[in-house]
Amino acid sequence: MLGHELIHVAVAGHQQHVAAGLFTQARHGSQDIVAFPALGLQNRHVERGEQLLDHRKLRMQIGVHGRALRLILRQHLHAHARFALVKRHDHTVGVKGIDHLEKHVQKAEDRVGGAPVRRIHGGRHGVEGAVHERVAVDNGKGAALVRHIEYLALGWARFAHTSLHAPRPAATAHQASLPPRPARDTMAHGTSTSTIDPKGACVMERPCAWKKYTPQQVEELEELCRGYKQFLSENKTERLCVKTGIKMAKEAGYVNLETVIAEGRELKAGDKVYAANHGKDLMLVNLGTAPLEQGFNILGAHVDSPRLDLKQNPAFEAGDMAYLDTHYYGGVKSYHWVASPLALVGVICKKDGTTVDINIGDKADDPVFTISDLLIHLSSEQMAKPAKDAVDAEILDVIVGGRPVKFDEDDKDAPKEPVKQMFLDILKEQYDVEEEDFLSAEIEVVPAGPARDMGLDRSMILGYGHDDRVCAYPSMLAQINVADVERTSITLIVDKEEIGSVGATGMTSRFFENTVAEIMTLAGESSPLALRRALARSRMLSSDVSAGFDPGYAGKFETKNAAFMGRGLCFNKYTGSRGKGGSNDADAEYVALVRDIMDEAGVDFQTCELGRVNAGGGGTIAYIMAEYGMNVIDSGVAVLSMHALWEVANKADIYEAYRGYKAFIERA
């Protein structure tokens, strides 16, 4: 016991977390020591870390060795603690482990005093169950077993009969104001477990979602992720994502809003419509039974991803090779883009009004492209530069050819750039476009190749564009899979988030507001005030990816508030940087509502921030939608290597995102 708060420990997988509970009462004379079951530790094998929790009175010492943990809490210059070392077969905790522990309890009674120790260890023999908790311990095979563990409390003999039997002090004003703790199984579906953090703060650690899946749920998860991998592989631009989204909507019975307007039809509950904007935004609307003025349940995500865009005048020749000049889009690290297979995907719009689709590099028999890198033998100067300067963004030029056209050297009309001409000739032959048509083209340079399962256990997906198609796809799927709703549901897919949500297809455009106005007019609620009320009364999940905790860069995260891979849908109460600058900060009342929705639906979720304070930051479309006065919170999926060519997402998180979005549409 410490300050009349129980200290917990959880060991799961290859992670060891040590944290103290609340230290509210620590400075007011806590005298009891709690020792946890642990493998036999030898001092020479223990890595120790020590942190002064109170400048004068209390010190915490942590020892970690493999999966075994031990914790000492010492009062300054006075405390002396003994450990109960419990041998556990195969790292599991069961009845034998408890029996071992009780033997140590019996031995400890001789040192401390029978009554106090028996009173503290409690639980198994019906003695004060308030002082025992659940502990999850990895069994060495990836499965967490949950058992009741009686803790062994070792106190100092001189405090044994006073502190242990002393009445609990009255709660402070702060403690009295706190709500009662729910009587939940700490390893229940979607709930948290307490662990110990080196800072001494209370940590509400979320369980790994994989641990509770039934075989049927695993199959549902895999089916969802098969569809997502195909979506991610085939839709590497915002135009393609919207095109596929429209196809999905039509198959689910959604009708083009323009058709409804042209026919002068009225909209009523149960009608489903979609609207597209410049081929880069998409809005799916399922009209509910409640008046539209009461607001909507909105899912929002973006489908633009960091990339390289061809310049309007891109083609040139140098060193007997043909190149296409690029300008990067969004936040990229230039050195990511060299020496990797690349594809060209986009459209070329001709003066006659026709549009030519370009997609070269993704099919198995397609040629690919690349950007060259400097060989290591000549890169001493380059290697000495900061990473941001190692590869100049201006030289991210894509190699597209190395073969010249044949010509007579005496021919006065021979091309001055024969390799570039060969490239243009092939382009003309296969796509019937001229070099000048690049002036009205949108061609994106993206990584070549499909999304693939990652890991020997196939638990993750490696692919380009998880940010933010990993949220857009399950959002659209959740929207079309909920047939009947009370509050009208809307899924909004937008462009330009990676560069500030600007322009006619960014979230700052009037596309969303104008489309809502059209729908409300067709539904007989055409007053401007009704529109304003509907927007202000709406609720939204602004879905965007979060930074997955990366042990290789642990110093950039604050683990209590980091997103861990495989622990479910992420919620960011706020984003931004430098003091939450540029963020939407969701109301506590709305966060409570979202928590309740997720818990009722059994959705695994976690709360997080984008890294440590002042480590960086980022933003989403949430703050833009919040300008209408609606409740908005950021939610999404944790990814590794965000904004790299190949990002990593965990299948369990994708599955929980889909389940969470579906629950929000149905219950918000």
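The values are calculated or read from the model by the stated rules, or taken from the named source; none is laboratory data. Being a predicted model, the structure only gives us computed values, none of them experimental. We place every Cβ from the backbone using ideal geometry, glycine too, and count neighbours over all the protein chains shown. Surface accessibility is based on the protein's heavy atoms, side chains included, excluding ligands, DNA and RNA. Shrake-Rupley method; radii C 1.70, N 1.55, O 1.52, S 1.80 Å.
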- Query: What FRET efficiency comes out for the pair residue 294/residue 251, r = Cβ-Cβ distance, R0 = 22 Å, nearest 0.05?
  - Reply: 0.15
- Item | Sites residue 219 and residue 596, calculated FRET efficiency, Cβ-Cβ separation with R0 22 Å, nearest 0.05 | 0.15
- Which value, in Å², gives the accessible area per residue of segment 506-610 when a 1.4 Å probe is used on the protein heavy atoms? 42
- Does segment 418-577 classify as rounded, prolate or oblate by the C-alpha gyration tensor (a ≥ b ≥ c root eigenvalues; a/c under 1.5 gives rounded; else a/b over b/c gives prolate, otherwise oblate)? oblate
- Which entries of 272/651; 211/272; 243/580; 247/268; 247/388 show an alpha-carbon separation above 31 angstrom in the structure shown? 211/272; 243/580; 247/388
- Query: Once segment 581-659 is represented by equal point scatterers at the alpha-carbon sites, with solvent omitted, what log10 I(q)/I(0) does the Debye formula produce at q = 0.13, 0.16 Å⁻¹?
  - Reply: -0.51, -0.77
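List the chymotrypsin sites (Phe, Trp or Tyr not before Pro) in segment 381-465 that DSSP assigns to loop (not H, G, I, E or B) and whose Cβ has at most 13 other Cβ atoms within 10 Å. Which are they? Walk me through the numbers before you get to the answer.
Details: sites: 407, 423, 431, 438, 464; in loops: 407, 464.
Qualifying residues, ordered by number: 407.
Give me the extension gain from residue 376 to residue 403: residue separation times 0.36 nm, minus the current Cα-Cα distance, reported in nm with one decimal. It would help to have the intermediate numbers written out before the result.
Working: separation 27, 0.36 × 27 = 9.72 nm, distance 2.66 nm.
In short, 7.1 nm is gained.
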- Note on the structure: About its Cα centre, segment 435-566 carries a charge dipole, from +1 on Lys and Arg Cβ atoms and -1 on Asp and Glu Cβ atoms, whose size in debye to the nearest 20 is 820
- Going out from 0 in 10 Å bins, what whole percent of all Cα-Cα distances in segment 474-529 drops into each bin? 20, 37, 36, 6
- Counting only protein heavy atoms with a 1.4 Å probe and every protein chain in place, the carbon and sulfur fraction of the accessible surface of segment 415-550 in whole percent equals 50
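Report the GluC sites (Glu not before Pro) located in segment 423-475 that are in a DSSP loop and have at most 15 other Cβ atoms inside 10 Å of their Cβ, or state none. Spell out each step's value before the answer.
Numbers: sites: 429, 434, 435, 436, 442, 444; in loops: 434.
Those that pass, being in a loop and sparsely packed, are 434.
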- Message: Could you put 653, 366 in order of accessible surface area, largest first, with the 1.4 Å probe and the full protein assembly present?
- Response: 366, 653
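Filter the trypsin sites (Lys or Arg not before Pro) in segment 353-454 down to the DSSP loop ones having no more than 15 other Cβ atoms within 10 Å, then list what survives. Mind showing how you got there, number by number?
On the way: sites: 363, 388, 406, 412, 416, 420, 428, 452; in loops: 363, 406, 412, 416.
Qualifying residues, ordered by number: 363, 406, 412, 416.
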- If the label point is 7 Å along Cα→Cβ of residue 318, which residues in segment 367-388 have backbone nitrogen under 17 Å from it? 370-375, 382
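Let me check I've understood the local charge: for residue 403, count other residues with C-beta under 15 angstrom from its C-beta, Lys and Arg +1, Asp and Glu -1. What total comes out? Intermediate values should be presented prior to the final figure.
On the way: positive: 406, 420; negative: 317, 320, 417, 425, 429.
My count for the surroundings of residue 403 gives -3.
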